[in-house]
1. Evaluate the distance, in nm, between pseudo-label points positioned 7 Å from the Cα of Q215 and of E228 along their respective Cα→Cβ axes.
2. Using only Cα atoms, tell me the angle between helix 258-273 and the longest principal axis of the chain; keep it within 0 to 90° and round to the nearest 10.
3. Need the C-alpha centroid separation for segment 238-260 versus segment 10-61, integer Å.
4. Note the angle between two axes, namely the Cα long axis of helix 77-106 and the longest principal axis of the Cα atoms of the chain, as a number of degrees from 0 to 90, rounded to the nearest 10.
5. Quick one: among T236, T89, T279, which has the greatest mean-square fluctuation in a GNM of the chain with alpha-carbon springs under 10 angstrom?
6. Of M211, M220, M55, which has the largest mean-square fluctuation in a 10 Å C-alpha GNM of the chain?
7. Given 0.36 nm per residue, what is the gain on full extension from T171 to F105 after removing their alpha carbon distance, in nm?
8. I'd like the FRET efficiency for L32 and A88, computed as 1/(1 + (r/R0)^6) with the beta carbon distance as r and R0 of 45 Å, rounded to 0.05.
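Just so it is clear, none of the values below were taken in a lab; they were calculated from the coordinates. This structure is a prediction, so every number in the text was calculated from the model and none was measured. Glycine also receives a Cβ, built like all others from the backbone with ideal geometry; neighbour counts cover every protein chain displayed.
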Amino acid sequence: MMTRDTHRVENRFLLSLALTGLILVAEIIGGLWTGSLALLSDAAHVFLDLFALGMSYVALRLAALPPDDRHTYGFQRMQVLAALTNGATLLLVAFEIFREAWGRFRHPAPVLAGPMLVVAVIGLVVNLVVALVLREHDHHDLNVRSAFLHVLGDALASVGVIVAGVVILLTGWTLADPLISVLIGVIVLLGSGRVLRTAVHILAEGAPEGMSVSQVAERMSQVAGVEEVHDLHVWTVSPGYVALSAHVVLADQALSKTQEVMDQLKETLTEKFEIEHTTIQFECESCGQGTEVCVDESLV
């Protein structure tokens with residue numbers, strides 16, 4: 001279902017797409033005009049920014065669709081898949097920049113530093129605007145964060161191009177251009193590594209980062225009436241959407257008390273770990289040995 005927050009994020013993506021498209025046109029023209037590899041490398045990164053933002057926008061729209069009979073979690077994972085693809089494209093861009101820089105080291109080419117500086121400054125300003133547009137949501141959503149890292153990396157790349165332009169303008173040392181390109185490639189490479197690591201972790205059904213499953217089990221075991229927790233699984237469906245399933249062994253108690261235990265478990269999981277989607281099955285080893293009865297109870 002489309003929420004007000006989701007609609008606001010979508011509008012931010014559309015604004016970011018428009019601004020990034022303007023940067024791309026300016027840097028392609030500027031790179032061809034000035035002969036700057038750093039500027040063209042940045043343009044290649046901007047193209048991937050545009051691709052990443054577009055993919056993230058589509059994934060955001062799909063994630064807002066409701067669950068159906070074939071997709072019981074809805075399309076939440078589309079955002080993770082978009083982040084994975086964005087990370088992979090960042091990796092490819094980094095290696096292409098390294099390849100072009102190596103060729104420019106071997107065969108230096110003249111660079112028009114003045115126009116190169118003007119285009120790079122314009123690119124930096126627009127990239128910073130786009131980064132600020134996405135910054136508010138980047139920690140809450142891997143999909144948005146991957147797009148934000150694309151844009152942030154490009155802003156840093158623009159700084160590098162500006163530095164190269166200043167060096168060439170003052171000293172005439174054109175090797176500063178491919179050298180800055182290598183630094184841009186390293187920034188892109190590091191960004192891709194972070195996004196890919198997180199996306200693969202989620203797709204591998206890993207527990208949320210910073211959360212210990214043993215700590216979750218320990219806190220659940222501290223709830224009154226709980227003797228043991230086993231077959232505990234915690235995984236991330238999509239960033240901000242954590243699911244849990246567990247078998248909980250209860251102490252011998254009245255059937256009417258089990259709902260209180262369930263409520264306390266739910267409250268603990270929500271307040272301590274922000275886990276709201278739970279499936280808990282009750283067990284009682286001593287059931288049948290006394291007059292009190294415990295039953296299995298599940299909550300989804």
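1. The modelled label-to-label distance comes out at 2.5 nm.
2. 20
3. 48
4. Helix 77-106 sits at roughly 30 degrees to that axis.
5. T279
6. Among M211, M220, M55, the largest GNM mean-square fluctuation belongs to M211.
7. Once the chain is fully extended between T171 and F105, it gains 22.0 nm.
8. Numbers: r = 27 Å, r/R0 = 0.61.
Rounded to the nearest 0.05, the efficiency is 0.95.
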